[in-house]
Amino acid sequence: MNNEKAVVIDPISGLSPADPTALMDFAREMTEEVIPKIVKVVEERRLRATETRLWQLKC
Amino acid sequence: MYTWIPLTTAADLTKLKDFVTPEYKPEQVADKLINGISNAVKGLLIEHGYVDKDYRSTYYNFYSKKGQKYNADCVRLHFFDETVDFDKTYLRLSCKDKELHDHYFGYMVLRPTGIATIGRSVLTPDVRSGATGSIIAAYHYVHLLGYTLRVQGFPSMDQHVDISVCAHVACWSILRHYSVDQSNYREHLVHDITLMAQQFNPGGLVPSRGLELSHAERVFQQAGTFPMNIARRDGDVTDPSFYRQLIAYVESGFPLFAAMHKRKHAIAVIGCAWRAPIDEVGAGMRYAWDEVKSLVVVDDNYLPYLSISRQGGSPYAIEDIDDFIVALPEKIYYPADAVDGLAPTLFRLGTVVGLPPQDETIIRYFISTGSAFRRFVRERESEFDTKLFEVIMALPYAQYVWVVEISTGAQWASGQIAARAVLDATASLRDPVPLWLFHSRARALIFDRRTVGSDVTKSVSVLELTGMEQTALTCMTQNLRPTQSK
């Protein structure tokens, strides 16, 4: 895997490590706030879809 | 047998009844055409005795078993512009530039069924009165008198009434488009669709009693797609994330099977028209959906490319759509609901990437393939720093990606963007950083996703971009064809 990684990314010059602080803030907000909301919304839509599946369409 | 009718105006279509027998209801068809197509249509060629595979599928399985004697053949109408002439002796179509398909507007099959006689049709939206915006379309090839003609459009037909209903037709339209547009989907005839909806052959007139939404889902599943049923929140007519997803899938090139519960009606949503750009300083962050003026739909009660407004329009409005099914290919695991939740969070990386103020931006997201994204960038090499270009070509995307574009109001008006994020469409719902790439004109973040469980802070690289400050950075519009009214 390391060799494969080197083939794809490393030969491109000018890349440098990103500031970890902003990335950690992003990942933290995703994990603690955004993903729980997404999971809730997806579950709500799934439950709603179980009701709509019975709708009659005939016009 | 072929009959040519030159048209001075669309009203001349009333002559249709002189050449087509009553079982095809030529007067009703002419009325629909007179009110529905533009005066750019100047020539009509009637192809008698046409064998239509979709009608034949219903003829063999239904009409031929009835007491009344139905004709096995159809009539096909072909529409041309003013440059095309017809030689009756040699049955020759001609035009000055010899590029017949540039002067061909499409065809319409008429079924000998006495009611709802408009069968399989593919017309260009350019001659449809009132058609606006951009639509999902594919090239359909037509064999006529030894010529191979070409028309870009979306399939449509009237429902049979006695064997199929609106939901069957919406499924048929979408699947016929898939079969023409993508080689990995086969063609399904009308009667196939009525059978695919059920676990067993219900026989006789049962299909005309209607479908449940779950049956439409089953049709798409049987056709080899992976249908996703997205329902609007109960009692929430606005439900913005529902409509944001709807427009995202349409912009991704997926026609939608849309249901209207109160009307018990189904249509195919195939395009949209944007409102005129407006300067809404202080209005807060907006989404592409907020900029939509109308949707373009295929409804089996009307000629194709009906435009419906957001609220209160006739015969119905976008707000009447409360559920849709998108027939997705495999390998799109990250749902639009997740992209909708994630997109505003990208501004947490604003200081790193360099983004405009969040409350001055418009967010647009859609699905693309990695190869289509690379092709888009390839065609615009000059817009990109060469290092970023190299990164985009080198990243090992899965087949499908979600693209999130961020633009200011002014950029939106000119088809430009400030930043673009490329998300992994195969990501898990719980993936905290489902990104491949996030770049503006100043900086790019490159995410190495290939090691599962890697520390995000150590698997991200930054690239300073040069030469992109003043260049165009074009928004990616690949899947919809603009209507050019004639």
Leading residue by the ranking (surrounded by the most Cβ atoms within 10 Å (Cβ to Cβ)) among those in the stretch A:10-59 that are closer than 26 Å to B:A167 by Cα and among the basic types (K, R): A:R45
Given (1) touching a Phe, Trp or Tyr at 6+ places or on another chain (Cβ under 8 Å); (2) among the β-branched types (V, I, T); (3) in contact (Cβ under 8 Å) with a residue 60 or more places away in the chain, number of the condition B:V269 does not satisfy: (3)
Pair list, Cβ under 7 Å, 6 or more apart: the stretch B:457-483 residue modelled with pLDDT of 90 or more, other residue acidic (D, E) and not in a loop (DSSP other than H, G, I, E, B): B:L473/B:E383; B:T474/B:E383; B:C475/B:E405; B:M476/B:E405; B:L480/B:E251; B:T483/B:D126
Candidate set: the stretch B:303-318, residues that are within 17 Å of the chain's Cα centre (by Cα) and part of a loop (DSSP other than H, G, I, E, B); chosen: the one nearest to B:A170 (Cα to Cα): B:P304
Strands (runs of 3 or more DSSP E) lying entirely in the stretch B:20-135 (those with 3 or more residues that are surrounded by fewer than 22 Cβ atoms within 10 Å (Cβ to Cβ) and not small (G, A, S)): B:43-50, B:85-87
Residue selected from the stretch B:180-201 under the condition part of a loop (DSSP other than H, G, I, E, B) and among the aliphatic types (A, V, I, L, M), by the criterion modelled with the lowest pLDDT: B:A197
Where a residue in the stretch B:383-394 is more than 7 Å from chain A (Cβ to nearest Cβ) and under 16 Å from B:F447 (Cβ atoms) and its partner, wherever it lies, is of a type in the set (A, V, I, L, M, F, W, C) and not in a helix (DSSP H, G or I), with Cβ under 8 Å and at least six apart: B:L388/B:A444; B:L388/B:L463; B:L388/B:L465; B:L388/B:M468; B:I392/B:F384; B:I392/B:L437
Of all residues in the stretch B:449-484 being of a type in the set (A, V, I, L, M, F, W, C) and assigned to a loop (DSSP other than H, G, I, E, B), the one that is nearest to the other protein chains (Cβ to nearest Cβ): B:V456
Test: residue in the stretch B:346-366 that is assigned to a helix (DSSP H, G or I), within 15 Å of B:A425 (Cα to Cα) and in contact (Cβ under 8 Å) with a residue 40 or more places away in the chain: no
Filter result (farther than 18 Å from A:M30 by Cα, buried (at least 18 other Cβ atoms within 10 Å of the Cβ) and more than 11 Å from chain A (Cβ to nearest Cβ)) within the stretch B:417-448: B:I417, B:A418, B:A419, B:R420, B:H439, B:S440, B:R441
Residue in the stretch B:249-263 that is polar (S, T, N, Q) and under 23 Å from B:S309 (Cα atoms) present: yes
Subset tally (residues that are more than 18 Å from B:L480 (Cβ to Cβ) and buried (at least 20 other Cβ atoms within 10 Å of the Cβ)) for the stretch B:364-384: 1
Selection count where residues are in contact (Cβ under 8 Å) with a residue 60 or more places away in the chain, surrounded by fewer than 23 Cβ atoms within 10 Å (Cβ to Cβ) and over 23 Å from the mean Cα position of the chain (by Cα), scope the stretch B:395-409: 2
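A quick yes/no check of all residues on (1) within 12 Å of another protein chain (Cβ to nearest Cβ); (2) touching a helix residue (DSSP H, G or I) at 6+ places or on another chain (Cβ under 9 Å):
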residue: B:M285; (1), (2): no, yes
residue: B:E291; (1), (2): no, yes
residue: B:Y302; (1), (2): no, yes
residue: B:R310; (1), (2): no, yes
residue: B:Y316; (1), (2): yes, no
residue: B:K331; (1), (2): no, no
residue: B:V339; (1), (2): yes, yes
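The values are calculated or read from the model by the stated rules, or taken from the named source; none is laboratory data. Model, not experiment: these values are computed from the prediction. Neighbour counts run over all protein chains shown; Cβ positions are idealised from the backbone, glycine included.
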